[in-house]
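Written below as C-alpha cells is the structure these notes are about.
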Amino acid sequence: MGQVNDLPEPLAALLSDEGRDLLAALRDHDPSQELALATRLRRDHPAALVSAALGQARLRQRAVAKFGAEDAYRMYFTANGVEQATRAPVAAYRAARFAALGVRSVADLCSGIGGDAIALARAGIRVLAVDRDPLTAATVRANAAALGLTDLVEVRCADVAEVDTAGYDAVFVDPARRGGRGRVFDPEAYSPPLSWALDAARRRPHAALKIAPGIPHELVPADFSAEWISYEGDVKEAVLWFGAGAGGAVSATLLSGAGAGAEPCTLVGRGLPDPAVRPVGRYLYEPDGAVIRAHLVAEVAAELPGGGLVDETIAYVTADGLRELPYATAYEITDVLPFNLKKLKALLRERGVGVLTVKKRGSAVEPEELRRKVKPQGPNAATVFLTRVAGAPTVLIGRPAQL
C-alpha cells in the first residue's frame, strides 16, 4: 500500500497492515455488540485504531447496498461519502455512455469517495478525480489502489475552480447538494453552483452534470439534454448531458439490478401533448418515477390503444387493454368508488383482504393511516389506489396484472 504516514488520520491507521487485518476481522461484526467487542479489541490494539476500524466497518456494511459486497469490503468510506456516492450500477451505466461517445479521459470534478471515478476507470477511461477535502481525496486514492485502478485514476486535492480540464475529453461534475441544514434545492446553492458547472461543461466536447431529480425543466439549458435515472423503481438522479445528442432532448432511463447483463431501458421524449382524460378502464398503468420526473407520461399513454389519464393532474394512465410496458407497472382494476372510508372498509372485509398495498397520488390520506383504519384481515390480497378521477377523490381497487 506504500507509505501511509502522510495520510490524514484515521485513514493512515486503517491502511496499515494492522488496520487492514482488523478491518478484515470486523467484516461480519454485529454493530449492536460493539461495546463488548471494542473492550476486547483494545486489549490488543490501540484504542484510536479500534474506534476507527469499528466506524469504517459500519460504513462498509452500509455501502454494500450501493457498491456490492465484493467492492464495499475492500473500499474505504467517509460518512458523507457513503451517503452521497452514486450507486454502482448507475455509475457504470453513465461510464458506458461516456465510452460509447468515444471519451477516453474524464475530469471528475467533486469526486467524493470515487464511486464514479471507479466506474469510469473500469470502462477503460482515464480519470482525474478532484476533491478539495484532503480526507476525501486520500480516500479516493486508497479506493483506486484497493481495486487495482491506480494506473487509470489520478487524484488531486484541489478546488475544482482551479483545475485546468483542457487535456480531457469530457468533464463530469457532481456538485454537493447538501448544506448544514440538509438538502439544497436551489441549483445555484449547489457547491459549486449549477451555473459554474454548465460553464465548465461547455469547455469540453462532452460533459455530464449530476443534479437533483427535482430540478425544474425550465432550468435545463437549450444546448443540454436531460436524463432522469431510476434504479429498481427508485428515482436516483437527473443528468444534464452536453455533446451527447440533440440539445433539449429529454429521456428517462430505468436500470435493474437483475444481473450484470440487465440492459437499461430508455424512453425518449417525442414532445407529445398531454393525454386526454378518460374514464377508468380495466387496467391502470403506474409509470416509473423517472418517466414522471421527465414529463413523459404522454409517451406511456401513446403506447396504449385508447390510453388516457384518470385526471389531468395525476400521472396514472388507464386503458381497456393489457400491454407489457417496461417503463410502467400494470394493474387490473376491479372496483372504482368515491372515497368513503366506511364503504371501503366494508368492501375489503367482504373480500377477505388481509394483505393490503396502498398507493396514493393526489390524495391527502396517508397509506399507513388508511391501513390502521380499515384493519385488513383475511387470506386475500389487493392494491388500493387513493387518487382523483376527473377531479373527484376516488378509490381504485385492483391487483397486479397478469401478463
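The values are calculated or read from the model by the stated rules, or taken from the named source; none is laboratory data. This is a predicted model, so every value here is computed, not measured. Neighbour counts are summed over all protein chains in view; Cβ atoms, including those assigned to glycine, are modelled from backbone coordinates with ideal geometry. Each accessible area value is taken on the protein alone, full model and side chains, heavy atoms only, with ligands, DNA and RNA left out. Shrake-Rupley method; radii C 1.70, N 1.55, O 1.52, S 1.80 Å.
Spin-label model, ALA69/SER256: points 7 Å from Cα along the beta carbon direction are separated by 2.4 nm.
Expressed as a whole percent, the accessible area of the chain that falls on carbon and sulfur atoms is 50 (1.4 Å probe). With a cut-off of 17 Å on the backbone N, the residues of region 361-392 near the modelled label site 7 Å out from ARG349 along Cα-Cβ are 370-380.
Taking LEU128, LEU120, LEU322 in turn, the Gaussian network model of the chain (Cα-Cα springs below 10 Å) assigns the largest fluctuation to LEU322. The calculated 222 nm mean residue ellipticity attributable to helices in the chain amounts to -8500 deg cm²/dmol, summing -39500 (n - 2.57) over DSSP H runs of n ≥ 4 and dividing by all residues. The slack in the chain from LEU403 to ALA176, taken as 0.36 nm per residue of separation less the alpha-carbon distance, amounts to 77.5 nm.
Summed over the residues of the chain and divided among them, the accessible surface reaches 47 Å² per residue at a probe radius of 1.4 Å. Decide, for region 117-268, between rounded, prolate and oblate: order the square roots of the alpha carbon gyration tensor eigenvalues as a ≥ b ≥ c, take rounded if a/c falls under 1.5, and otherwise choose prolate if a/b is larger than b/c, else oblate. Because its axes are fairly even, with a/c under 1.5, region 117-268 counts as rounded.
Estimated from the Cβ-Cβ distance and a Förster radius of 25 angstrom, the FRET efficiency linking GLN33 and GLU232 is about 0.20. Going down the table (LYS66/LYS236; LYS210/LYS359; LYS342/LYS375; LYS66/LYS360), which pairs top 20 Å between alpha carbons? Result: LYS210/LYS359; LYS66/LYS360 exceed 20 Å.
For region 210-230 versus region 18-32, the spacing of their alpha-carbon centroids is 41 Å. DSSP assigns beta bridges within the chain; of those with both partners inside it, close to 55 percent run antiparallel. For the pair ALA390 and ALA96 in one chain, pulling the backbone fully straight at 0.36 nm per residue adds 101.5 nm over the alpha carbon distance.
Summary: within the chain, the longest segment free of GluC sites (Glu not before Pro) located in DSSP loops with at most 14 other C-beta atoms within 10 Å is 1-231. Given the choices (1) 147; (2) 172; (3) 138, volume of the Cα convex hull per residue in Å³ derived from the coordinates of this structure is entry (2).
Taking 19 Å as the straight-line reach from the Cα of LYS373, the aspartates and glutamates in range (excluding those fewer than 8 positions away in the same chain) are GLU350. As an exercise, identify the trypsin sites (Lys or Arg not before Pro) in region 190-233 lying in DSSP coil whose Cβ has no more than 14 other Cβ atoms within 10 Å. Hits after loop and neighbour filter: ARG203. Computed from backbone phi, the HN-Hα couplings of region 265-280 come to 10, 10, 9, 9, x, 10, x, 6, x, 4, x, 6, 7, 9, x, 5 Hz, rounded to whole numbers (Karplus: 6.51 cos²θ - 1.76 cosθ + 1.60, θ = phi - 60°; Gly and Pro given as x).
Rounded to 0.05, the FRET efficiency of the THR313 and ASP44 pair, given R0 = 51 Å and the Cβ-Cβ distance, is 0.20.
For region 69-189, a/c is less than 1.5, where a ≥ b ≥ c are the root eigenvalues of the C-alpha gyration tensor. That puts it in the rounded class. Between ASN80 and ASP17, the simple spin-label model (points 7 angstrom out along Cα→Cβ) gives 3.5 nm. All other residues whose Cβ lies under 12 angstrom from that of ALA249 are scored, Lys and Arg at +1 and Asp and Glu at -1, for a net of -1.
Extending 7 Å from the Cα toward the beta-carbon at both PHE185 and GLU369 defines two label points whose distance is 2.0 nm.
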